[in-house]
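**Q** The structure under discussion is supplied below as structure tokens; questions concerning it will follow.
No value in this document is a laboratory result; all are computed from the given coordinates. None of these values were measured; they are calculated from a predicted model.
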Amino acid sequence: VLPGGESTTIDKLSRIFEVRDPLIAALRAGLPAYGSCAGMIMLADRLVDAPSDQQTFGGLDITVRRNAFGRQTDSFEADLTGGWPTGDPFRAVFIRAPEVVAYGSEVEVLATVPRPDGSEHVVAVRQGSLLATAFHPEVAGDPRIHGYFVELVRTVTATS
Ligand code: GLN
């Protein structure tokens, strides 16, 4: 699990402590992973609105915009509906969250969130054994997304 936090710091520390390359190798070899918020950023193949030297671990064929909903004070909560696989609604907490602005054909969009201006934003995706959400399910105390990930791990390890 790649948690929330600050992706630029996760990136730098992963290089300093030399976990970056082994982790990338494990992900490419099929290690299931779930990234929330900064973790979603770390699993993205491409970033926008990020420092030019920021690196990710990659694996998800998605383009992610950092801080897509504004500053820390623009953080918000929303009920996800519309067929979210863990059951509707899901209370999602967005803390200076990213969004997925583009994705490849292998990527399954699991959830979107509407904003007051009428726009709709992709905030949860899955591709193979990789799962990512722009929000923090642990903050709302609802275990369904973690349960979904555990099931995903079971499925992937049973078939590999
Ligand atoms: N804004 C942070 C980043 O860009 C992510 C915030 C979070 O993980 N809650 O890394």
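**Q** Over segment 16-72, what portion of Cα pair distances is larger than 17 Å, expressed as a whole percent?
**A** Percentage above 17 Å: 39.
**Q** With springs only between Cα atoms under 10 Å, which of G39, G118, G70 fluctuates most in a Gaussian network model of the chain?
**A** G118
**Q** Taking the C-alpha atoms of segment 1-49, how large are the radius of gyration and the largest Cα-Cα span, Dmax, in Å?
**A** 10.5, 29
**Q** HN-Hα J couplings of segment 33-42 from phi, Karplus 6.51/-1.76/1.60, θ = phi - 60°, integer Hz, Gly and Pro as x?
**A** Values per residue, Gly and Pro as x: 8, 10, x, 10, 6, 4, x, 4, 4, 5 Hz.
**Q** Give, in nm to one decimal, the length gained when the segment between R115 and D74 is fully stretched (0.36 nm per residue of separation minus the Cα-Cα distance).
**A** Here the segment from R115 to D74 would lengthen by 13.6 nm.
**Q** Counting only residues 5 or more places away or on other chains, whose amide H sits under 5 Å from the amide H of V64 once H atoms are built in the peptide plane?
**A** Here the answer is R46, L47, V48, V101, since their amide H atoms fall under 5 Å of that of V64.
**Q** Can you give me the P(r) profile for segment 46-160? Cα pairs, bins 10 angstrom wide beginning at 0, each as a whole percent.
**A** In whole percents, the pair-distance histogram is 13, 44, 35, 8, 0.
**Q** Quick one: what are the phi-derived ³J(HN,Hα) couplings along segment 2-13, Karplus 6.51/-1.76/1.60 with θ = phi - 60°, whole Hz, x for glycine and proline?
**A** 9, x, x, x, 10, 5, 5, 6, 4, 4, 5, 5
**Q** A further question follows. Which value results when the Cα radius of gyration for segment 120-160 is divided by 2.2 N^0.38 Å?
**A** Values: Rg = 11.6 Å, N = 41, 2.2 N^0.38 = 9.0 Å.
Rg over 2.2 N^0.38 Å, computed on Cα atoms: 1.28.
**Q** Hey, how many Å between the Cα centroid of segment 1-17 and the Cα centroid of segment 82-121?
**A** After rounding, the separation between the Cα centres reads 23 Å.
**Q** What are the extents of the Cα atoms of segment 1-107 along their three principal axes, in Å, largest first?
**A** Principal extents (largest minus smallest coordinate, Cα): 39, 31, 22 Å.
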